[in-house]
Amino acid sequence: MNPNHDHFPEGESFRQSLGRRYRTASIWQGLFFSAFLIAILSLGALLYNIIDGAFGYVAFDYKNDPSEFTSKPLDDLNKQELLDILKTNLSSGAYKKLDNEKTMEKRSRSVLYTLVLERLIQIDTKETWSMTDSILRSAEIKVEAAEKYPEAKLEFRSWLTPVFLTTPMSSKAEFAGVRTAILGSLWMVGIAILFAMPIGTGAAIYLHEYANKNFINRVIQTNINNLAGVPSIVYGMLGLAIFVRTFEPFTSGSMFGVTDTNGRTILSAGLTMGTLVLPLIIINAQEAIKAVPDSLRQAAFGVGATRWQTIWHHVLPNALPGILTGSILAVSRAIGETAPLIVVGASTFISIDPDGPFSKFTALPIQIYQWTTRAQSEFHAIAASAIIVLLALLLSLNATAVLLRNRVQRKY
Amino acid sequence: MKATLMENKNFRPLELKKKLRLGETMIQTLLFLAGFLSIFITLAIVYELGKEAWLFFGDPDVTFAKFFGTTEWSPGIGKFGIWPLVTSTLTTSFIAICVSLPLGLAAALFLSEYASPKARSTLKPILEILAGIPTVVYGYFALLFMTPLLQRIFGEGVQVYNMASAGIVMGIMILPLISSMSEDALSAVPRALREGAYAMGATKFETSIQVVLPAALSGIGAALIIGISRAVGETMIVAVAAGAGPNFTFNPFQAAETMTGHIARISGGDLSYNTIDYTSLFAIALMLFLVTLVLNLISQGIINRFRQRYE
């Protein structure tokens, strides 16, 4: 018998082993592909879970009957009537406080309507159901709600409404909105990008256009790659120690005559976030500058331009779309980051719009975190709504980045 | 009158010596400073964390034996055993890697060895979307989807806050990172190796597993290490879903606070400076920073060596 038979089978046994080998191969190929199925399923479950939470039946009760305040149905009242109800039924101190925040006459009807519900009638949510349950088990839920809460009303509710986007924070989930959180996020990201983009681009220019391969520059390059991998919460600790504590006179604004805050301000958060995205911006800007063809530089040098003239007039304009794309990606990273903001001291409850870099703030992911960790299910519902807002924001940012990137790719 | 070139008063012979241009030098200095700022940031992290950690370890109550020898962590009342925070960090990270390494590797093998360019262009964005979702959203997902799911499968033993759901969801979060880094490593394997295997009659699967995968092993190792580093430093998922309060356990169905989760919870309140709580957080953060730094450096070292081998 051929001693090599096992290694080089022939004839019938070869065909059999080949068949076996192909079967193994196709099974494994299926397994490899199923990794994607799991990824797709997870993504689907995540998105579904969020949407599922943001809509659905809610059983609620009026603490005070609307008929105590008005004879007409609440929905038919106009702005003036609502205003009158508030004026007569709120204590004068509470009314004055509201009036000081924003003149009552200038508020819209829907705001006043919400105020009547929130302050006077006082909604009390008993239980909420998810969207799937509400659709599939609608009849059961109606029976269940009628048994458990005979007084309560059952209503299919979308927790994500235009009002949700425009009302400030409230301690009641039914009346809470993300206005202050969105404004806080925008302020913070604005400061972060103003801080990080010029410095990051400058660093990238230095590393690609000026630096020769000496020790310092190698250390800088390695260091930037490492900074990109530092956990975000460590940046939060850095921000707490440096921006919040050491630079308190600057970040609290007391240097500029602002007195009512400590260092836990939008400015501190923005600078911390800027530090966090700096390595990201540098790495992306380096890629963009690297993509500018060398012939452009040589042409500029050839007609006698200095190094900076070459960079300013030829390299930067051509690298700009790439740098912008990188910065947009950095912005979307900054908008979603939560941990550093918690450490730097985002306020958990704040209902006044931030009015400058020295005000206290909250941010969209902070609100999501707060609401998710509450025990009551109505807070989970508004957390889900806030997540949808956040994801929509990120989606539009990334779409812009992709569009920009495609335009650049077409050029060369 | 005919003036020669030399008689022209404005004529200067062309100077080829490098001129000192003040503006240019200033700009170069500014740009260098921008680049150097990154070094400064690293130094600032080490200095600030080190300073407070030094204060923490300098406290007469905190001894080395207590720190590494006891299993209760509550600095406010003089309990300084770091282990409960470490074990939960290890547990969640281990679960995350158990989920993300096989899945990420399988996805990478499929993308680099099997997928047509068209399939790749539709499958890759799915992973990119997963990578772009903020971690606090994963936290919501872990608490309100994964935990009820685990409770339905494993019954009452699963606590509302537990390390398993946080770890699994963290694995899903890290999956894109591991798969994209592994795919880079797999595609860097020279074509000649694959062609050689095919010429010997190997099937595609045999080529991928027995030839390409071993050749890319160091790059995959680098991906694994980066994955571990990301899992150790991840905060929001564990802060939301893994539980509040240190707990010395390896049981994944119990609640236990990780190092990052602890920092997030304690610093979330109005923390006053110069207390033992404040300095202890910096000690934990310093440990986190050093661990992730070492992991990142190792990973980068592997990648650099690997790249040189094939270029």
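The values are calculated or read from the model by the stated rules, or taken from the named source; none is laboratory data. The shown structure was predicted, so the numbers you read here are calculated from the model rather than taken from an experiment. Positions of Cβ are generated from backbone atoms using ideal geometry, with glycine treated the same way; all protein chains shown enter the neighbour counts.
Could you tell me whether the stretch A:321-337 includes any residue that is under 30 Å from B:Tyr278 (Cβ atoms), of a type in the set (Gly, Ala, Ser), in contact (Cβ under 8 Å) with a residue 12 or more places away in the chain and out of contact with any helix residue (DSSP H, G or I) (no Cβ under 8 Å at 6 or more places or on another chain)?
no
Out of (1) at pLDDT below 90; (2) in contact with a helix residue (DSSP H, G or I) (Cβ under 8 Å, 6 or more places away or on another chain), what's the single condition that is false for A:Val234?
With respect to (1) at pLDDT below 90; (2) in contact with a helix residue (DSSP H, G or I) (Cβ under 8 Å, 6 or more places away or on another chain), A:Val234 is out only on (1).
For residues that are without any contact (Cβ under 8 Å) to a residue 40 or more places away in the chain and under 17 Å from A:Pro279 (Cβ atoms), scanning just the stretch A:195-215, find the one that is surrounded by the fewest Cβ atoms within 10 Å (Cβ to Cβ).
Looking at the filtered set, the residue picked out is A:Pro198.
Among the numbered criteria (1) more than 9 Å from chain A (Cβ to nearest Cβ); (2) over 19 Å from the mean Cα position of the chain (by Cα); (3) not charged (D, E, K, R), which one does B:Met287 miss?
(2)
Condition test on B:Ile95, is it β-branched (Val, Ile, Thr), assigned to a helix (DSSP H, G or I) and touching a Pro at 6+ places or on another chain (Cβ under 8 Å)? Walk me through it before giving the result.
Values: β-branched (Val, Ile, Thr): yes; assigned to a helix (DSSP H, G or I): yes; touching a Pro at 6+ places or on another chain (Cβ under 8 Å): yes.
In short, yes.
Do you know which residues across the stretch B:4-27 are touching a Phe, Trp or Tyr at 6+ places or on another chain (Cβ under 8 Å), modelled with pLDDT under 90 and not charged (D, E, K, R)?
B:Leu5, B:Gly23 - these are the residues of the stretch B:4-27 that are touching a Phe, Trp or Tyr at 6+ places or on another chain (Cβ under 8 Å), modelled with pLDDT under 90 and not charged (D, E, K, R).
Are any residues in the stretch B:179-206 within 14 Å of chain A (Cβ to nearest Cβ), more than 21 Å from B:Arg307 (Cα to Cα) and assigned to a helix (DSSP H, G or I), and if so, which ones?
Result: B:Ala197, B:Tyr198, B:Lys204, B:Phe205, B:Glu206.
Mind checking which residues of the stretch A:346-372 are surrounded by fewer than 20 Cβ atoms within 10 Å (Cβ to Cβ), within 11 Å of another protein chain (Cβ to nearest Cβ) and over 20 Å from A:Leu240 (Cα atoms)?
Once the filter is applied, which keeps residues that are surrounded by fewer than 20 Cβ atoms within 10 Å (Cβ to Cβ), within 11 Å of another protein chain (Cβ to nearest Cβ) and over 20 Å from A:Leu240 (Cα atoms), the stretch A:346-372 yields nothing.
In this structure, is A:Gln298 within 14 Å of chain B (Cβ to nearest Cβ), on the phi < 0 side of the Ramachandran plot and either more than 20 Å from the chain's Cα centre (by Cα) or among the polar types (S, T, N, Q) (or both)?
Spelling it out, it is not the case that A:Gln298 is within 14 Å of chain B (Cβ to nearest Cβ), on the phi < 0 side of the Ramachandran plot and either more than 20 Å from the chain's Cα centre (by Cα) or among the polar types (S, T, N, Q) (or both).
Return the residues of the stretch B:238-282 that are part of a helix (DSSP H, G or I) and at the interface with another protein chain (Cβ under 8 Å from one of its Cβ atoms); say none if nothing qualifies.
Residues of the stretch B:238-282 part of a helix (DSSP H, G or I): B:238-241, B:259-268, B:276-282.
Hits for the stretch B:238-282 are B:Ala239, B:Val240, B:Thr260, B:Ile263, B:Ala264, B:Ser267, B:Gly268, B:Leu281, B:Phe282.
Go over the candidates B:Ser299, B:Ser267 one by one and state the one that is under 29 Å from A:Thr373 (Cβ atoms), surrounded by 19 or more Cβ atoms within 10 Å (Cβ to Cβ) and not acidic (Asp, Glu).
B:Ser267
Okay, residues lined up against (1) under 27 Å from the mean Cα position of the chain (by Cα); (2) within 14 Å of another protein chain (Cβ to nearest Cβ):
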{"position": "B:Lys66", "(1), (2)": "no, no"}
{"position": "B:Thr92", "(1), (2)": "yes, yes"}
{"position": "B:Thr122", "(1), (2)": "yes, yes"}
{"position": "B:Pro125", "(1), (2)": "yes, yes"}
{"position": "B:Ile133", "(1), (2)": "yes, yes"}
{"position": "B:Leu149", "(1), (2)": "no, yes"}
{"position": "B:Val158", "(1), (2)": "no, no"}
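For residues in the stretch A:11-30 being hydrophobic (A, V, I, L, M, F, W, C) and surrounded by 13 or more Cβ atoms within 10 Å (Cβ to Cβ), which is nearest to the other protein chains (Cβ to nearest Cβ)?
Among residues in the stretch A:11-30 that are hydrophobic (A, V, I, L, M, F, W, C) and surrounded by 13 or more Cβ atoms within 10 Å (Cβ to Cβ), the one nearest to the other protein chains (Cβ to nearest Cβ) is A:Ala25.
Considering only residues that are buried (at least 24 other Cβ atoms within 10 Å of the Cβ), within 18 Å of A:Ala346 (Cα to Cα) and among the β-branched types (Val, Ile, Thr), which ones fall in the stretch A:258-298?
Those that are buried (at least 24 other Cβ atoms within 10 Å of the Cβ), within 18 Å of A:Ala346 (Cα to Cα) and among the β-branched types (Val, Ile, Thr): A:Thr265, A:Ile266, A:Thr272, A:Thr275.
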